[in-house]
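Here the structure is laid out as structure tokens; the discussion comes afterwards.
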């Protein structure tokens with residue numbers, strides 16, 4: 001986002017937590033992109049950029065951005081009831097079994113890695129989720145850690161959505177296959193889309209969560225029975 005400056009102590013944490021090397025298994029998921037490639041909807045750089053841009057503006061990334069903001073605000077306020085409400089809705093609002101697995105497996109792995117290795121006090125929030133029997137989704141988990149570390153929500157959300165887009169580009173590089181240079185060109189072209197998604201989520205009420213990227217859900221169903229797969233979603 002133009003004109004913003006992050007506190008320097010938050011930047012290394014975001015770079016580490018949302019890097020491909022952080023142990024959440026993000027490389028195993030394509031968010032139905034593999035099925036879109038199989039069906040011929042995504043073929044090269046331009047169609048890939050359009051696909052990810054739509055997911056950012058109208059799909060699960062839009063929904064997750066709203067969940068992220070509300071989870072972050074709840075942790076900053078110490079409001080356990082609000083946090084549980086966001087976490088429960090975020091866990092439930094997934095169109096298919098594969099997309100649910102993608103969100104919850106990464107969310108659980110993220111909190112486990114933070115709890116085991118980083119000096120960030122997320123234990124009370126993990127305990128509250130366990131008490132409520134809620135599996136944390138990925139955006140809620142990252143928002144919880146970021147708020148616990150006092151990282152501003154806009155910075156954390158921008159990093160989260162950029163990592164989401166970067167993971168889809170990485171999946172396309174492997175599955176289309178797409179050259180590394182075209183992958184980087186796609187990611188560079190998506191920068192304004194990420195910024196727009198961050199800005200669009202500001203001020204959204206929790207009941208505004210939802211998306212209209214129906215092709216993602218439909219292709220996720222197809223992916224579940226796709227004959228040859230290299231991704232889990």
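FYI, it's all coordinate maths here, none of it is from the lab. Since the structure is predicted, the reported quantities are computational estimates derived from the model, not experimental observations. Glycine gets a Cβ as well: all are built from the backbone with ideal geometry, and neighbour counts include every protein chain shown.
Going 7 Å from the Cα of residue 43 toward and past its Cβ, which residues in segment 155-177 have a backbone nitrogen under 18 Å from where you end up?
Correct set: 172-173, 175-177.
With the chain treated as a Gaussian network of Cα nodes joined by springs under 10 Å, which of 221, 83, 41 yields the largest mean-square fluctuation?
Comparing 221, 83, 41 in a Gaussian network model of the chain, the most mobile one is 41.
For residue 199 and residue 128, FRET efficiency with R0 = 45 Å and r from the beta-carbon atoms, rounded to 0.05?
On the way: r = 30 Å, r/R0 = 0.67.
Efficiency, from the Cβ-Cβ distance: 0.90.
For the chain, modelled as a Gaussian network with Cα springs under 10 Å, which listed residue fluctuates most, 152, 20, 12?
12
Using R₀ = 30 Å, calculate the FRET efficiency as 1/(1 + (r/R₀)^6) where r is the Cβ-Cβ separation of residue 218 and residue 9; round to 0.05. It would help to have the intermediate numbers written out before the result.
Working: r = 43 Å, r/R0 = 1.44.
Taking R0 as 30 Å, the efficiency between residue 218 and residue 9 is 0.10.
Report Rg/Rh for segment 28-97, rounded to two decimals, where Rg is the Cα radius of gyration and Rh the Kirkwood radius. Walk me through the numbers before you get to the answer.
Values: Rg = 15.6 Å, Rh = 13.9 Å.
Expressed as Rg/Rh, it is 1.12.
Normalising by the residue count of the chain, find the relative contact order in percent from Cα pairs under 8 Å and 6+ residues apart. Don't jump to the answer; show the numbers that get you there.
On the way: 322 pairs, mean separation 87.6, N = 233.
Computed value for the chain: 38 percent relative contact order.
Let me see the P(r) profile for the chain: every Cα-Cα distance counted, bins of 5 Å, each bin given as a percent of all pairs.
Reading upward from the zero bin: 1, 7, 15, 20, 21, 17, 11, 6, 2, 0.
Test of understanding: in a Gaussian network model of the chain with alpha carbons linked when under 10 Å, which of 137, 81, 47 would top the mean-square fluctuation ranking?
Ranking 137, 81, 47 by mean-square fluctuation puts 81 first.
How large is the helix-only mean residue ellipticity at 222 nm for the chain, computed as the sum of -39500 (n - 2.57) over DSSP H runs with n ≥ 4, divided by its residue count, in deg cm²/dmol to the nearest 500?
-21000 deg cm²/dmol
Just to confirm my numbers, what's the Cα centroid distance between segment 193-211 and segment 98-155 in Å?
Segment 193-211 and segment 98-155 have Cα centres separated by 20 Å.
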